[in-house]
1. Under the condition of being assigned to a loop (DSSP other than H, G, I, E, B) and hydroxyl-bearing (Ser, Thr, Tyr), which residue from the range 1-60 is surrounded by the most Cβ atoms within 10 Å (Cβ to Cβ)?
2. Check the range 119-132 and report whether any residue there is on the phi < 0 side of the Ramachandran plot, in a loop (DSSP other than H, G, I, E, B) and modelled with pLDDT under 90.
3. Among (1) part of a loop (DSSP other than H, G, I, E, B); (2) touching a Phe, Trp or Tyr at 6+ places or on another chain (Cβ under 7 Å), where does Ala78 come up short?
4. Quick check: is even one residue across the range 84-98 assigned to a helix (DSSP H, G or I), among the aliphatic types (A, V, I, L, M) and either modelled with pLDDT of 95 or more or touching a strand residue (DSSP E or B) at 6+ places or on another chain (Cβ under 6 Å) (or both)?
5. Under 8 Å between Cβ atoms, which residue pairs at least 6 apart in sequence (or on different chains) link something in the range 48-73 that is in contact (Cβ under 8 Å) with a residue 40 or more places away in the chain with a partner that is among the acidic types (Asp, Glu) and not in a loop (DSSP other than H, G, I, E, B)?
6. Mind listing whichever residues of the range 141-189 are in contact (Cβ under 8 Å) with a residue 40 or more places away in the chain and either surrounded by 10 or more Cβ atoms within 10 Å (Cβ to Cβ) or not polar (S, T, N, Q) (or both)?
7. Of the numbered conditions (1) closer than 20 Å to Glu50 by Cα; (2) assigned to a helix (DSSP H, G or I), Val144 satisfies every one except a single condition; which is it?
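The values are calculated or read from the model by the stated rules, or taken from the named source; none is laboratory data. Only a predicted model underlies this, so the values are computations on that prediction, with no experimental measurement involved. Quick reminder, even Gly has a Cβ in these numbers, built from the backbone with ideal geometry, and neighbours come from all protein chains shown.
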Amino acid sequence: MDFTRLRLSGFKSFVDPTELIIENGLTGVVGPNGCGKSNLLEALRWVMAENSAKSMRGSGMDDVIFAGTSSRPARNLAEVTLTIHNNDRSAPTIFNDELQMEISRRIERESGSAYRLNSKDVRAKDVQLLFADASTGAHSPSLVSQGRIGSLINAKPKERRKVLEEAAGISGLHSRRKEAESKLRSAEHNLERLADIELQLT
Ligand code: ATP
């Protein structure tokens, strides 16, 4: 499963539609300070369903939308699309038949984000699970942002375990367990409510 293309529009400093082709092997992005190198990595994390505005260096998620400059007005919409090739069929099982996947996230000012996977509307959770099952994602240790090395060295054992778990490919199972536990809690709650109603009727 290879990331092959990242398309951005209206995202942070990338106001005009911009396409980054990711070839096989090593890709380097070079440029002067402030030209947008970190914004590119943030776009990748964002399309993988990053939900913390703080980790996108903003105070709210709308801050990822182009905020305007002295010569260009602000935008109300940002969109990032990630193309993934699955020639080796290593994508999580439900996508095994797809040779190419396109995941896009779009945000409109004050309206929140919407995700699409191969042109179908999906939830943030689906996107997170897809990447977690593929042992990657917005919080993957393989995305090394500034200051990350220092924080890993100083990390507590529990945080270090997360890195090992991702390497072992079990992060997706944790998310599924959380979802299953929450469904179980809500079913238990419903059963209790039902028991109350039954009691009232007898
Ligand atoms: P460095 O080499 O110093 O780390 P960099 O190339 O990684 O820099 P970034 O941090 O990616 O640069 O980009 C910073 C630029 O992005 C700044 O000029 C900032 O004004 C611009 N920027 C960030 N958010 C927005 C936004 N919402 N709208 C417009 N421009 C933005």
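1. My answer is Ser13.
2. Within the range 119-132 (the criterion being on the phi < 0 side of the Ramachandran plot, in a loop (DSSP other than H, G, I, E, B) and modelled with pLDDT under 90), the answer is no, since none of the residues qualifies.
3. (1)
4. No: zero hits.
5. Sorted first by the residue in the range 48-73, then by its partner, the pairs are Glu50/Glu42; Val64/Glu42.
6. Residues satisfying the conditions are Leu143, Ser145, Gly172, His174, Ser175, Arg176, Glu179.
7. It is condition (2) that Val144 fails.
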